[in-house]
Amino acid sequence: MSNETVPKVDADIVYEEEHPVLYEAKDGIAYLTLNRVKYHNSQNSQMLYALDDAFYQATGDDDVKVIVLRANGKHFSAGHDIGTPGRDFHQGRDDRRSMNYNHDNKPGAEKAYVREQEVYLEFCRRWRAVPKPTIAQVHKGCIAGGLMLAWVCDLIVASDDAFFQDPVVQMGFPGVEYFAHPYELNVRQAKEFLLLGERWSAERVLAAGMINKVVPREELESAVQNWAEKLAAQPRLAMALTKQACNQAEDMMGKRNTMDAVYGYHHFAHANNSLVKGDYIAGFDGKSMAQSNKQKSSNKQKEG
Ligand code: ZN
């Protein structure tokens, strides 16, 4: 068995932010703020581990009753980091959070399978299970991996300039790793959302039941604050039990099992990309994805 491990990739990583997630707690409310402004909060491991730390801190603080997840910068989140100088997917971690080994010296399809299990699938499940109510405060772009961060929250409030999109079919994938689409939308809507890969407006995802509320951009912060204050006045354990009950109901409807199954399809697609395109994400990078997404959006506007 000579190929069980391979040399680690020693590529340069340039982090533009020392603190890619900001943490503040006040009057019973913890604010977790994505802060990779320069790269539209695209998610590298540095940011995802920082976010996990922030959720852990808010969970452990008895003074915190409710958690708000929001973002600095132009967009809520452009998705997973596929091309910034801080892209660090090839790096292992000594502070892994799930019972798994490091991916960075593993060959072939094992590398992405192991890494994405930790930082995408299991992280999102951890955050969904936080025993305190969470509110996502979404403005502008919430794309692909960005959806995962909004979806793990209990309530989603969006500004009227927000848009939602999972455009990864063009990269060969059946959606992002946290495959919640047929639960966040109904199945037929999920098929349209995925197969066409178009941007959906805040109003459209509200009508589809994917989010709770749309407000004018200038009222976004105060609308979230208003709900957070109301939640902070509710009894802690009752909220934890209510949240657990709803999540349990979703899992009884198959959410967790669906996700486990589709995680396998997703990684078959990664492996197929490597075989056919020579690259596990089919040669796409941040720029080419953004260009292609903008193109889709302008085509759609022309079609009316
Ligand atoms: Zn993936």
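Listed highest first by mean packing, meaning other Cβ atoms within 10 Å per residue, what order do 202-210, 152-160, 178-186 come in?
152-160, 178-186, 202-210
Can you tell me the length gained on complete extension of the stretch Lys38 to Glu18, counting 0.36 nm per residue apart and subtracting the Cα distance?
On the way: separation 20, 0.36 × 20 = 7.20 nm, distance 1.27 nm.
Full extension of this stretch gives 5.9 nm more.
Using a simple charge model, +1 on the beta-carbon of Lys and Arg, -1 on the beta-carbon of Asp and Glu, nothing else, what dipole does the range 1-123 show about its Cα centre, in debye to the nearest 20? Could the numbers behind the result be given before it?
Numbers: 14 positive and 22 negative charges, 86 e Å.
Around 420 debye, computed over the range 1-123.
As an exercise, use a Förster radius of 35 Å and the Cβ-Cβ distance of Asn226 and Ala271 to find the FRET efficiency, rounded to the nearest 0.05.
Values: r = 47 Å, r/R0 = 1.34.
Efficiency, rounded to the nearest 0.05: 0.15.
Hey, rough spin-label estimate for Asp10 and Leu196, points 7 angstrom out along Cα→Cβ, what's it come to in nanometres?
Rounded to a tenth, the inter-label distance reads 5.0 nm.
How high is the relative contact order of the range 51-124, in percent, counting Cα pairs under 8 Å that sit 6 or more residues apart? Could you put the intermediate results ahead of the total?
Details: 32 pairs, mean separation 14.0, N = 74.
Relative contact order, the range 51-124: 19 percent.
Run the numbers for Ala238 and Arg125: contour at 0.36 nm per residue of separation, minus the present Cα-Cα distance, in nm.
On the way: separation 113, 0.36 × 113 = 40.68 nm, distance 2.08 nm.
Residue separation times 0.36 nm, minus the Cα-Cα distance, leaves 38.6 nm.
Say each of Val169 and Lys294 gets a label point 7 Å from the Cα, pointing the same way as Cα to Cβ; how far apart are those two points in nm?
Here the answer is 2.4 nm between the modelled labels.
Could you order peptides 213-219, 82-88, 4-10 by the average number of other Cβ atoms within 10 Å of their residues, highest first?
82-88, 213-219, 4-10
By per-residue mean of other Cβ atoms within 10 Å, what is the highest-first order of 136-142, 105-111? Let's see the in-between values first.
Working: 136-142: 26.3, 105-111: 16.1.
Output ranking for 136-142, 105-111: 136-142, 105-111.
None of the figures in this text is laboratory data; all of them are computed from the coordinates on show. Model, not experiment: these values are computed from the prediction. Positions of Cβ are backbone-derived with ideal geometry, glycine not excepted, and every protein chain shown enters the neighbour counts.
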